[in-house]
Amino acid sequence: MNNLLIIKKSLALSMTIMLTLAILLSIVGSAMAQENRVAPGRNVPTASSQQQQGPTDPAEMEAFLNDLFAKDMEEHHIAGAALSVVKAGKLFFAKG
């Protein structure tokens, strides 16, 4: 019975971490999208002259996420996780 309680607590914690991450990514994405808006009548730089933000390739994303998740997953005894990242309307990265 005690093992069942531990499993339930671990599952609840892992779900909390995943939901928190999803909410955080949503908030950051929305804030960055609003930051890139330009007032009407102002000069808008072309796409080639804008500095791209965030990871530029899936390998860079994987390295970032491995560092981000490794410590928390070990500390909270989380067996696994799945994540997909969409960039510019296309699947940029997926790992599980």
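What the table shows:
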{"item": "Net +/- balance of residues flanking residue 15 in space, Cβ distance below 15 Å, scoring K and R +1, D and E -1", "result": "+1"}
{"item": "Extension gain (nm, one decimal) between residue 25 and residue 67, 0.36 nm per residue minus Cα-Cα", "result": "13.5 nm"}
{"item": "3J(HN,Hα) from dihedral phi, the stretch 10-22, Karplus parametrisation 6.51/-1.76/1.60, rounded to Hz, x for glycine, proline", "result": "5, 5, 4, 5, 5, 5, 4, 5, 5, 5, 4, 4, 4"}
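Taken together, the values in this text are just the output of simple stated rules run on the coordinates, not laboratory data. In this text the structure is predicted, and so the values were computed from the model without any measurement. Every residue, glycine among them, receives a Cβ derived from its backbone with ideal geometry; neighbour counts consider all protein chains shown.
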